[in-house]
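Student: Once you've had a glance at the structure underneath, I'll fire off some questions.
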Amino acid sequence: MQLSASKTDLLLACSYPFDRRLKGVVSTAGPEAIYGSAFHELISTLKPCTPTPAESKLVKSAKMMLKKWSVVDVTPEELASHVARTHSYVRRWIEREGFLEERCLMVFDYKTGADPAMPKESGQLKTLGIAVHRLFRDGLAGGRRYLLGKEMTVSCEESIAYNPWDDAARNCDGPGEGHIYRDAGEDEIPGTTDLVFAPVIRDRSTNFFDEGVTVGIIHTPLSGMVTIQTAQLGPSGMAEHRKALRRAMSRIGDDSMRPGGHCTGLYCPAIRVCPSKTSALATLQARGIVWSYERVGEVHQTLELYDHLSKQLRAEMRAWIDQNGPGIRRDGKLVVLRKSERENLSKASIERGLVKLHGPEKGHHKAAKMIEMLRESGCIETSERTEMRAEPDRGR
Ligand code: SF4
């Protein structure tokens with residue numbers, strides 16, 4: 001599966017799905033995300049800050065978008081109304097906030113689904129925020145930009161590829177079939193911004209870019225209120241995120257997995273091929289297991305086999321390390337043999353020690369007395385334990 005800005009949170013949680021050797025792992029979108037694509041495409045045809053067109057004028061285009069994205073449960077009128085309502089809200093918000101006079105760099109994402117992450121917690125927005133910041137800082141911003149007054153510009157649906165190793169960004173081609181960015185390199189994270197407001201830079205020697213970038217989410221569910229949340233991504237936040245991206249990207253292809261709460265079919269497209277979910281042991285622990293007379297027997301017998309194999313493999317590994325030196329794990333840790341001393345006191349060790357010292361007859365007698373004395377003085381504790389084991393069926 002190709003890495004993209006929208007997959008940042010999954011990357012940071014687990015790099016395994018992005019291994020290019022994995023076959024059949026593709027980014028799939030639910031009905032909500034598919035509707036979101038139709039919404040995005042339609043609203044990107046409208047310039048922010050220009051009067052919102054009448055809903056009726058958007059219906060024809062809305063129909064085309066719904067057909068293109070195969071959205072079946074929303075009518076063209078509903079999409080047209082949704083886009084018009086959002087555009088009008090954003091336009092009024094821009095006028096009210098007056099940030100166009102402040103000459104700041106702002107990156108916004110429209111979210112039509114339920115409850116998106118806050119801007120400062122959204123990996124996608126942080127990645128896009130850094131990409132846009134680097135693009136403007138390095139004077140490389142191209143794409144379709146509209147002038148807003150004399151000092152600010154805005155762009156809609158601008159595709160950018162960010163390279164966290166070089167800390168540089170460039171404009172790239174938009175996603176094609178299967179949402180794949182064909183011209184993105186292996187070290188790049190491509191993504192598409194919904195709205196970018198940027199000042200007209202006349203003098204590159206200013207320290208304008210020291211302040212970082214404002215990232216924001218325009219949350220606009222199909223039936224609900226429009227809300228806008230923003231957060232400042234400063235130099236230290238950008239450096240931290242860049243470091244996290246590099247760390248996670250360097251793990252791609254090393255076969256490491258990080259199972260956790262994010263391992264759901266809705267979130268991870270690799271769940272069907274992930275060894276942490278498909279290995280025989282993981283299958284045994286599959287959710288929804290229904291325990292029964294036979295199931296307990298089946299799992300107990302399988303685990304017995306695993307225990308046996310585990311002991312055997314550990315013995316073989318010990319012998320190998322003894323001969324050849326340490327092994328190396330995929331997480332970079334070495335597998336070594338470490339000697340240590342430990343003391344052991346048991347009934348058998350008391351018997352052995354005293355028999356050795358006094359001979360069999362006297363030794364056994366002394367051992368029995370000592371064990372009795374230890375029991376009476378409370379040094380030997382008695383507790384009950386319940387063992388699970390396999391026994392012959394003698395007619396229950
Ligand atoms: S199921 Fe979990 S551990 Fe496996 S690849 Fe997906 S996120 Fe990683």
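All of the numbers you see were taken from the coordinates with simple rules; none came from a lab. The shown structure was predicted, so the numbers you read here are calculated from the model rather than taken from an experiment. Here the Cβ is made from the backbone with ideal geometry for all residues, glycine too, and neighbour counts use every protein chain on show.
Student: In whole angstrom, and with the biggest value first, how far do the Cα coordinates of region 37-107 range along each principal axis?
Tutor: Its Cα atoms span 42, 22, 16 Å along the three principal axes.
Student: First measure r as the distance between the Cβ atoms of residue 296 and residue 272, then evaluate 1/(1 + (r/R0)^6) with R0 = 25 Å and state the FRET efficiency to the nearest 0.05. If you can, show how the numbers build up before the last one.
Tutor: Details: r = 27 Å, r/R0 = 1.10.
E between residue 296 and residue 272, to the nearest 0.05, is 0.35.
Student: Turning to a different aspect of this structure: With +1 on each Lys and Arg Cβ and -1 on each Asp and Glu Cβ, and nothing else charged, work out how big the dipole of the chain is about its Cα centre, in Debye to the nearest 20. Spell out each step's value before the answer.
Tutor: Details: 57 positive and 52 negative charges, 145 e Å.
So the dipole magnitude of the chain works out to roughly 700 debye.
Student: With charges set only on the Cβ (+1 for Lys and Arg, -1 for Asp and Glu), what does the dipole of region 90-158 come to about its Cα centre, in debye to the nearest 20?
Tutor: Values: 12 positive and 11 negative charges, 24 e Å.
The dipole of region 90-158 has a size of about 120 debye.
Student: Give me the one-decimal nm value for the distance between modelled label points at residue 145 and residue 227, 7 Å along each residue's Cα-to-Cβ direction.
Tutor: Result: 3.3 nm between the two label points.
Student: Among 1, 297, 35, flag the residue with its Cα farthest along the positive direction of the charge dipole of the chain, charges on Cβ as +1 for Lys/Arg and -1 for Asp/Glu.
Tutor: Highest projection toward the positive end goes to 297.
Student: Here's a follow-up. Ranked from highest to lowest mean number of other Cβ atoms within 10 Å per residue, what is the order of the peptides 384-392, 300-308?
Tutor: Output ranking for 384-392, 300-308: 300-308, 384-392.
Student: Could you tell me what a quarter of the Cα convex hull surface of region 175-320 works out to, in nm² with one decimal place?
Tutor: Average of the hull's projected areas for region 175-320 equals 17.6 nm².
Student: Given the Cα-Cα distance of residue 285 and residue 373 and 0.36 nm per residue of separation, how much length would full extension add, in nm? Present the calculation step by step, with values, prior to reporting the outcome.
Tutor: Working: separation 88, 0.36 × 88 = 31.68 nm, distance 4.70 nm.
Length gained between residue 285 and residue 373: 27.0 nm.
Student: Also, quick follow-up: So for 393, 9, fewest C-beta neighbours within 10 Å to most, what's the order? Mind showing how you got there, number by number?
Tutor: Working: 393 6, 9 16.
Going from sparsest to densest Cβ surroundings: 393, 9.
Student: So if the hydrodynamic radius of the chain is defined as the Kirkwood radius over C-alpha pairs, what does Stokes-Einstein give as its diffusion coefficient at 20 °C and 1.002 mPa s, in µm² per second? Mind showing how you got there, number by number?
Tutor: Details: Rh = 26.5 Å.
Diffusion coefficient, whole number: 81 µm²/s.
Student: Mind checking which of 221, 275, 51 has the largest fluctuation in a GNM of the chain, springs on alpha carbons under 10 Å?
Tutor: Comparing 221, 275, 51 in the GNM, the peak value goes to 51.
Student: When all alpha-carbon pairs of region 171-261 are counted, what percent fall beyond 24 Å? Write out the running numbers ahead of the final one.
Tutor: Details: 1995 of 4095 pairs.
Every Cα pair in region 171-261 considered, those over 24 Å come to 49 percent.
Student: How compact and how long is region 231-281, expressed as Rg and Dmax of its alpha-carbon atoms in Å?
Tutor: For region 231-281, the Cα-based Rg and Dmax read 14.9, 46 Å.
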